[in-house]
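Okay, structure first, notes after.
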Amino acid sequence: MFTQISWGALLLVHLIPALALFQPGLITKLYRVEAASPLFLLFQHRAALFLVVCMICAWSIVRPEVRQLATVAVGFSMLSFLWLFWAAGSPPSLRSIALVDLIGLPLLAFVAWQAFKPLG
């Protein structure tokens, strides 16, 4: 049961960025990228990719057989952002996003342990 709850929490970590696909104003609010910027399209695409991550998390709640691949996908999403954030000097404007990912890391570690632990 805690495994499914953890996948649900990881889904929530990725949900607000994914919602920017349907509510483009969130892109400006979250990332301070204006609609007139050429980067706006990239952020919309980023939101679509976050929607995929959300779907992977949702699928993992009900289908244990996808959890190993889901762990890799979600882990890569979270860890790559944290690494890039740190490598860029921890920009203050992205600190809240990094904090949410940091808070999610124990859940990621738990689902990874569950997904990859030996059977038996």
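Exposure proxy shown here: for Ile27, Ile61, the number of other Cβ atoms within 10 Å sets the order, fewest to most, as Ile61, Ile27. Work out, step by step, the length gained on full extension between Ala48 and Trp113: first 0.36 nm times the residue separation, then minus their alpha carbon distance; give nm to one decimal. Answer, rounded to one decimal: 20.6 nm. By other beta-carbon atoms within 10 Å, ranking Lys29, Lys117 with the fewest at the front produces Lys117, Lys29. Taking a Cβ cut-off of under 10 Å around Ala20, the surrounding Lys, Arg, Asp and Glu residues balance to a net charge of +2, with basic ones at +1 and acidic ones at -1. Shown in residue order for region 94-109 are the 3J(HN,Hα) couplings computed by the Karplus curve 6.51 cos²θ - 1.76 cosθ + 1.60 at θ = phi - 60°: 10, 4, 5, 5, 4, 4, 4, 5, 4, 5, x, 4, x, 5, 4, 4 Hz (x for Gly and Pro). In a GNM of the chain with a 10 Å cut-off on Cα contacts, which of Phe43, Phe81, Phe22 has the highest mean-square fluctuation? Largest GNM mean-square fluctuation: Phe22. Cα-based values for region 47-120, radius of gyration first and Dmax second, are 13.6, 46 Å. Entry note, the chain: the mean residue ellipticity at 222 nm calculated from DSSP H runs of n ≥ 4, each adding -39500 (n - 2.57), is -26000 deg cm²/dmol after division by the residues and rounding to the nearest 500. Under 5 Å between amide hydrogens, built in the peptide plane, is the criterion, and for Val33 it picks out Thr28 among residues at least 5 positions away or on other chains. A viscosity of 1.306 mPa s and a temperature of 10 °C, combined with the Kirkwood radius over C-alpha pairs in the Stokes-Einstein formula, give region 2-112 a diffusion coefficient of 110 µm²/s.
Computed from the coordinates by the stated procedures, all read-outs in this text should not be read as laboratory data. Because the structure is a prediction, the values reported are computed rather than measured. All Cβ positions, even for glycine, are placed from backbone atoms using ideal geometry, and neighbour counts span all protein chains on display.
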